[in-house]
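Q: Submitted below is the structure of interest, expressed as structure tokens.
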Amino acid sequence: MGVANAWRFSLISANLASLHQQNGCNGGTNKQYVLWRWRFYASQRRKIPWSLICGLMLFALGLISLFTGHVASDLEWYSQRLVKPSLYSKLKDGIVRRHQPIDIWKSRYSKYYHGCSERRKKFPRARSERSSNGYLLIAASGGLNQQRTGITDAVVVARILNATLVVPELDHHSYWKDDSDFANIFDVDHFISSLAKDVTIVKRVPDKVMRSMEKPPYTMRVPRKSTPEYYLDQVLPILLRRRVVQLTKFDYRLANDLDEELQKMRCRVNYHALRFTKPIEELGQKLVMRMRSMAKRFIAVHLRFEPDMLAFSGCYYGGGDKERYELGEIRKRWATLPDLSPEGERKRGKCPLTPHEVGLMLRALGFANDTHLYVASGEIYGGEETLRPLRELFPNFYTKEMLADEELKPFLQFSSRLAAIDYIVCDESDVFVTNNNGNMAKILAGR
């Protein structure tokens, strides 16, 4: 561009010089003619279109990317040959392993889980019975596993209050109607001795203390999920004044968010101190051995499909007016239950799975139909008709009643003891599955 302009400028200068020689310097017309010629040559300078400029830039970028692509390819080729073969093969094997089939009988993450119940060495020892702030009576409620959570929290509350805990009383009037006492299900002596460093526990309030009291033990019910501060502010003053306090309907009466040492204490109670009695433990282990004799591995299914469970859930399972009436009558037992939409509860995932749905889920996960199932359950709503689809999907279907006939008779009248036997077998199974996220499922998950 610069050369062309210079050439045009020299040409114009030459023309001006020749005109000047021919016509002189004093002609106005000549000046106008020269100006016109200047404008004419200026207008003749061609402008390069923007489209051409953009095209040239894109072409240059293409050349650059082509060049760098070849370089990157060469670098990758050389790197594979320069890297040590062992490292390269490890990386390659790691990629291949990602696509290998999943082992449905065990979790690859299980090695990362560990116990966290050991008490810290500096954690203060429990106060003696004589120097404690009084005696704490606890009345647990619900079925076996609901009562188990209440017992666990009772120990922690006694620690918070620096109280002496009396062995908790179990609920005899719930839906389960089980007359079993604590000593009929759990090993009392082990319970007391294993927690001696944390809380002082006695089997009953001493007679001399009861005789010295002017009034019967003070009875109260604390709100659900109460914090340690609530117990210190509302329960401790009464305990100091009356010496004996009873907390009734004790289920979920302690907040979940606690100090780390108190959380560890929960684990010590639930998974170490609460040991089943010898008759329950022996029969439970016999059932485990009988399952193992038939199959190397087995699944335990905790099937909560009792009429009260379905009524409480507010769900509908296709039984028509008969189901709606029967479950509706059961729901009347709970005056505070809200009206629930069966369709809405199912969309929220709140409805317990049917036995058929559990079977379909297990087959979809990859368990073959020759897999052995141990089914832990109470009364199934709909009976054998409801269980048939699960039996057809898994013919190797067993319950405690099928595995132990005569041996089970001493326990048949006690639902909590039967539930304890189921707990042992589920705990020893290779895979545990539940159709609803209830108390037993949560406790076994922690286990």
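The values are calculated or read from the model by the stated rules, or taken from the named source; none is laboratory data. Just so it is clear, the structure is predicted and the values come from calculations on it, not from any experiment. Neighbour counts are summed over all protein chains in view; Cβ atoms, including those assigned to glycine, are modelled from backbone coordinates with ideal geometry. Only protein heavy atoms, including side chains, enter the accessible area calculation; ligands, DNA and RNA are left aside. Shrake-Rupley method; radii C 1.70, N 1.55, O 1.52, S 1.80 Å.
Q: Select, from 354, 386, 336, the only residue that is in contact (Cβ under 8 Å) with a residue 60 or more places away in the chain and either closer than 29 Å to residue 281 by Cβ or more than 25 Å from the chain's Cα centre (by Cα) (or both).
A: 386
Q: Do any residues in segment 167-184 that are in the same structural domain as residue 155 (by the TED database) have Cβ atoms under 7 Å from those of residues that are among the small types (Gly, Ala, Ser) and assigned to a loop (DSSP other than H, G, I, E, B), where the two are at least six apart or on different chains, and which pairs are they?
A: Close Cβ pairs (under 7 Å, with a partner that is among the small types (Gly, Ala, Ser) and assigned to a loop (DSSP other than H, G, I, E, B)) amount to 170/180; 171/141; 171/142; 174/141; 174/142; 174/143; 176/143.
Q: (1) assigned by the TED database to the domain that holds residue 291; (2) closer than 26 Å to residue 176 by Cβ; (3) of a type outside the set (S, T, N, Q); (4) loosely packed, with under 12 Cβ neighbours inside 10 Å: which one isn't true of residue 423, the others all being true?
A: Of everything listed in (1) assigned by the TED database to the domain that holds residue 291; (2) closer than 26 Å to residue 176 by Cβ; (3) of a type outside the set (S, T, N, Q); (4) loosely packed, with under 12 Cβ neighbours inside 10 Å, residue 423 misses just condition (4).
Q: Ok, one more. What is the residue count in segment 357-371 for residues that are open to solvent by less than 40 Å² (accessible area, probe 1.4 Å) and farther than 18 Å from residue 315 by Cβ?
A: Summing the residues that are open to solvent by less than 40 Å² (accessible area, probe 1.4 Å) and farther than 18 Å from residue 315 by Cβ in segment 357-371 gives 4.
Q: Looking at segment 209-232, can you tell me whether even one residue there is closer than 20 Å to residue 417 by Cα and either assigned by the TED database to the domain that holds residue 151 or surrounded by 18 or more Cβ atoms within 10 Å (Cβ to Cβ) (or both)?
A: For segment 209-232, residues closer than 20 Å to residue 417 by Cα and either assigned by the TED database to the domain that holds residue 151 or surrounded by 18 or more Cβ atoms within 10 Å (Cβ to Cβ) (or both): absent.
Q: Also: Look through 245, 235 and report the one residue that is part of a strand (DSSP E or B), touching a helix residue (DSSP H, G or I) at 6+ places or on another chain (Cβ under 7 Å) and either more than 22 Å from residue 141 (Cα to Cα) or assigned by the TED database to the domain that holds residue 199 (or both).
A: The unique qualifying residue is 245.
Q: So for segment 372-380 (the condition being open to solvent by 40 Å² or more (accessible area, probe 1.4 Å), assigned by the TED database to the domain that holds residue 401, modelled with pLDDT under 95 and not β-branched (Val, Ile, Thr)), does at least one residue qualify?
A: Yes, segment 372-380 contains at least one residue that is open to solvent by 40 Å² or more (accessible area, probe 1.4 Å), assigned by the TED database to the domain that holds residue 401, modelled with pLDDT under 95 and not β-branched (Val, Ile, Thr).
Q: Tally the residues that are in contact (Cβ under 8 Å) with a residue 60 or more places away in the chain and among the polar types (S, T, N, Q), restricting the search to segment 225-255.
A: So the answer is 2.
Q: Being farther than 26 Å from residue 419 by Cβ and open to solvent by 60 Å² or more (accessible area, probe 1.4 Å) narrows it down to one of 322, 350, 332, so name that one.
A: The match here is 322.
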